[in-house]
Amino acid sequence: MWLLNSSIGKKLIMSISGVFLILFLTFHLCMNIAAVFSESAYNMICAFLGSNWYAVAGTLVLAAGFVIHIVYAIILTLENRKARGNDRYAVNVRPKNVEWSSQNMLVLGFIVLGFLVLHFAQFWYKMMFAELMGHHEVELGGQMVGTTEGATFIKYYFSQIWIVIAYLAWYVALWFHLTHGFWSALQTIGWNNTVWFNRWKVVSDVFATVICLGFAFVTIAFYLKSLCGGACC
């Protein structure tokens, strides 16, 4: 089957899974911004999702998308290196008009993945997974917290400066990954031509900037709230 065996087919699979993950990032950002302005509304969303079957099904689909995207990224990178052979050692200077992010997508991807593991350990593991295991409260900062009190988790973790700095660094890596990945995915899918080549590039840059600045806004807002006991911002 060409979709699984050909280079173009593999790129198409990776691109479609990438677009799917981008849509999830958009949804996740909207939820997080809601938490800044209304913690009760955010907790209601968390309670609505919780460990219900539709939330679990969505999580499994999301996990499958992550695995597919990562596996095919590794396969394509290894195939490209094999095809280039010793030529990849011949040039140490980045070719003209080739973005730094495009040459380091796999590394950026692993950085993003590494922080996703941290993020899941801090939130998903203590919320949905805990509920699935039959626990409705978990220990957080020396006190018991309900698994649907998402805003409490955000306030706790984003009150710690090292976590804030780590997340901000993560957003930078995510920005580089998205700016090239989004545009490249659209190109692979076929939504690109001589007219839209530069337009999609601009759209990708703007989209990645909005997404990453949005997450940074949430992180910084909750950190500033922690400095004044939640009474400001």
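The values are calculated or read from the model by the stated rules, or taken from the named source; none is laboratory data. Since we're looking at a predicted model, the values are computed, not measured. In this analysis, Cβ positions are derived from the backbone assuming ideal geometry, glycine residues included, and neighbour counts consider all displayed protein chains. In case anyone asks, the SASA skips ligands and DNA or RNA and just uses the protein heavy atoms, side chains included. Shrake-Rupley method; radii C 1.70, N 1.55, O 1.52, S 1.80 Å.
Looking at this structure, is Phe20 assigned to a helix (DSSP H, G or I), open to solvent by 60 Å² or more (accessible area, probe 1.4 Å), closer than 21 Å to Leu178 by Cα and touching a Gly at 6+ places or on another chain (Cβ under 7 Å)? Even if it seems obvious, please write down each step before you answer.
Working: assigned to a helix (DSSP H, G or I): yes; open to solvent by 60 Å² or more (accessible area, probe 1.4 Å): yes; closer than 21 Å to Leu178 by Cα: yes; touching a Gly at 6+ places or on another chain (Cβ under 7 Å): yes.
Taking the combined requirement at face value, the residue satisfies it.
Screening the candidates Ala47, Ala55, Ala34, Ala73 for the property of being over 25 Å from Ala151 (Cα atoms) and surrounded by 13 or more Cβ atoms within 10 Å (Cβ to Cβ) yields one hit, Ala73. Restricting attention to region 105-157, the residues that are in contact (Cβ under 8 Å) with a residue 60 or more places away in the chain and of a type in the set (Gly, Ala, Ser) add up to 3. Inspection of region 183-195 finds a residue satisfying the criterion of being at negative phi, open to solvent by 50 Å² or more (accessible area, probe 1.4 Å), modelled with pLDDT under 85 and of a type in the set (Phe, Trp, Tyr). Looking at region 108-115, is at least one residue more than 23 Å from Leu60 (Cα to Cα) and surrounded by 17 or more Cβ atoms within 10 Å (Cβ to Cβ)? Within region 108-115, one or more residues are more than 23 Å from Leu60 (Cα to Cα) and surrounded by 17 or more Cβ atoms within 10 Å (Cβ to Cβ).
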